[in-house]
Structures are given as C-alpha cells and as structure tokens.
Amino acid sequence: MAVVNKSTIDGITKTFTVVFNKAFAAAPNRIDEIATHVPSTSDAENVPIAALGSDMEEWFGDRTISDLAAWNKSIANRNWQKAVAIAANAVADDKTGLYKSSIETLGQLAAGHPWRRALDALMTDGFDSDITGYDSVEFFSAAHSFPGAYDTAQDNYTDELLDAAAVWTAIEYFREVKGPDGICLDLDVRSPNAKFICAADEEETARKLFIPGAQADSDTHSLVGRFKPEDIIVSGRITANRWAILYTGMPVKPLVNLVRQAAQFVAMTRVDDEQVFTSGKLRWGVDYRGTVMALAWWLAYGSDGSGS
C-alpha cells in the first residue's frame, strides 16, 4: 500500500506527463496541411492573409505595394480543456497504472483537436451566413470580392451533389479565380497540392472518381488519379452530401490555426487541495488557447450538397 503524500503524487504526475507527451507527439495531426500556423500574443489577432499578392509584377516607375494592413480579420482565441479525476484511494492501492490509457487519450485528444476544429470550421462554419470573413460573406459564397482591388463577384460555392461534372466545375474555378491583387491564380488542383474533403456518405463516390481501380469498366474518366488516397479526407463530422476541394500548395493555406498557448498537461493534486479533502479526488488535465478559422476562400471550393 502506497502512502498518499506529495512525493508519491509528484512521482505519479511525472509519469503521467511522460505518458501524455508521448501520446501527444505520436498522435496523427494534419492541421498544417490545410491551415497556416499563426502565433498569437493576445486574446485576438488581426490576420492579414488576404493582402498577399498572387504574382510578381514588372517594375515600371514606383513599386506596387501590397498593404498588409488591408482586409484584416479579427480572430479571437478560445479556451479548450479536458480533465480526468482519479480517486486518491487508487494511489494508496497502487492502481494508478490502470489509468495510463486515460492519460494517453488526453494526449491524443489534445493533439488532434485543432484538426477536428478545422473540419468543423471549414465544412460547418464555412456554409454558415452568420460566420463571415474579410468581405463580410460566408467562406463558401457566390458573392466574394476584395473592395478596392476588384469588385467582380467570385463564386466558390455550389449546391451540386458530388459527381464528375461538379468536380470539373470546381477545377475551372481554381483555374480562373483571382487573388487579392486581381491576378488570375491558374491553380492546378491535384495531389500533392490539393485536398479533397467530403462527408462519409460521399466516400464511395469519391473513390470511384479518383482512385485507380475503383471504377467499373464503363465508368472510367480523366479524374482518376487526380487525388491520391491520402489526399481524400472523409469524416463523419461533416454533414451528409457536403464536399470541398482545397488548394494547399502555397505557404498561405485556406484556414488559419491561431495558437495563443500550446497544449499543456496540468495537475491539481496537492494533498491539501479542496477537492482532495472533500471528495478524495486527484485531477489531471490538458488545456490550450487558440482557434481555427477558414479565411482564404480563393483557395477553396465547396458544396453543401443541397441541390439535385
């Protein structure tokens, strides 16, 4: 039987910290593939990604200057946490090893949370008219523009169900879309510089469209091979029938991952802590500050799947 004192609990916390950090580091996390990492030093940041131009220009007279203060979007950091409680009696009975998997789970949850938030920000918030970007419309919209640069509306939204014709419409969009300086981007959306994202009910259709060998003999077409299997992202978090294509071949990505405080493993385990005294519970948890938001709409095209 172990003695429940500061030395014993500190040793358990040290062990749990190692377990947490190992699980955190090993957990799959693809956030950097689709989101620009933006360090934060306050409760909110004005993010100027839209001001980045799309091409070099021949130099005549004075330089053309891209104003990095233009088209700012204020993004507020949010607080995130998860914690577990373990009975002090488990320490006394040398049973804390039974909770190793719970601490590993905390590490995995913390590591993968920005990615899950990215999917929500893109495929849920991206179609929400109450959540707007630089130009005061939703991320997927038929009315995008950059006032002061050019005013012609650009359309990165459709309601089409997933099929070859809808994908070709998206490909044409990326070829013709203009960047913030009004220059055609001429983006070639295919692996490894693009990602295809869809709801779980669209996985079979996506495989038939893009994966070699998944088609019937009568159903082959030129989209096969455009997206590699690892660049087709399927999630049950996404509302049925929704799909999107992201161009990810630039330093600027379609989403922003704002990080104010990295995930940290914390303990509330003092033997004179109120919870330990009143309920005999020791607590360990993880918290971080940050948020993920879809901003660079000209690098994305999406469907809410509400059409026919």
Using only Cα atoms, tell me the angle between helix 164-176 and the longest principal axis of the chain; keep it within 0 to 90° and round to the nearest 10.
-> 80 degrees
In angstroms, what radius of gyration and Dmax does the chain have, counting Cα atoms only?
-> 23.9, 82
Given backbone amide H placed at 1.01 Å from N, residues whose amide H is under 5 Å from that of LEU282, ignoring those fewer than 5 places away on the same chain, are ILE86, ALA87, ALA88
Karplus ³J(HN,Hα) for the range 194-210 (6.51 cos²θ - 1.76 cosθ + 1.60, θ = phi - 60°; Hz, whole; x = Gly/Pro) runs 8, 10, 10, 10, 8, 5, 4, 6, 9, 4, 4, 4, 4, 4, 5, 6, 10
So what J values fall out for the range 88-98 if you push phi through Karplus, 6.51 cos²θ - 1.76 cosθ + 1.60 with θ = phi - 60°, rounded to Hz, Gly and Pro as x?
-> 4, 5, 5, 5, 4, 8, 6, 10, 5, x, 5
Relative compactness, the range 173-264, computed as alpha-carbon Rg over 2.2 N^0.38 Å = 1.29
The number of Lys pairs in the chain whose alpha carbons lie under 24 Å apart, excluding pairs fewer than 8 residues apart on one chain, is 27
Short version: ³J(HN,Hα) in whole Hz for each residue of the range 127-135, in order, from phi by Karplus 6.51 cos²θ - 1.76 cosθ + 1.60 (θ = phi - 60°), x for Gly and Pro, what are they?
-> 9, 8, 5, 7, 10, 10, x, 4, 9
Give me the compactness ratio for the range 113-183, meaning the Cα radius of gyration over 2.2 N^0.38 Å.
-> 1.21
Give the distance, in whole Å, between the Cα centre of the range 125-204 and the Cα centre of the range 279-305.
-> 22 Å
Translational D in µm²/s for the range 229-308 (Stokes-Einstein at 20 °C, 1.002 mPa s, Kirkwood Rh from C-alpha pairs) | 126 µm²/s
Plugging the Cβ-Cβ distance of ASP43 and LYS228 into 1/(1 + (r/R0)^6) at R0 = 41 Å yields, to the nearest 0.05, a FRET efficiency of 0.55
Which of VAL137, VAL234, VAL91 fluctuates most in a GNM of the chain (C-alpha springs under 10 Å)? That residue is VAL91
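Bear in mind that the values in this text are calculations on the coordinates, not laboratory data. Please read these numbers as outputs of a predicted model, since none were measured by experiment. Glycine gets a Cβ as well: all are built from the backbone with ideal geometry, and neighbour counts include every protein chain shown.
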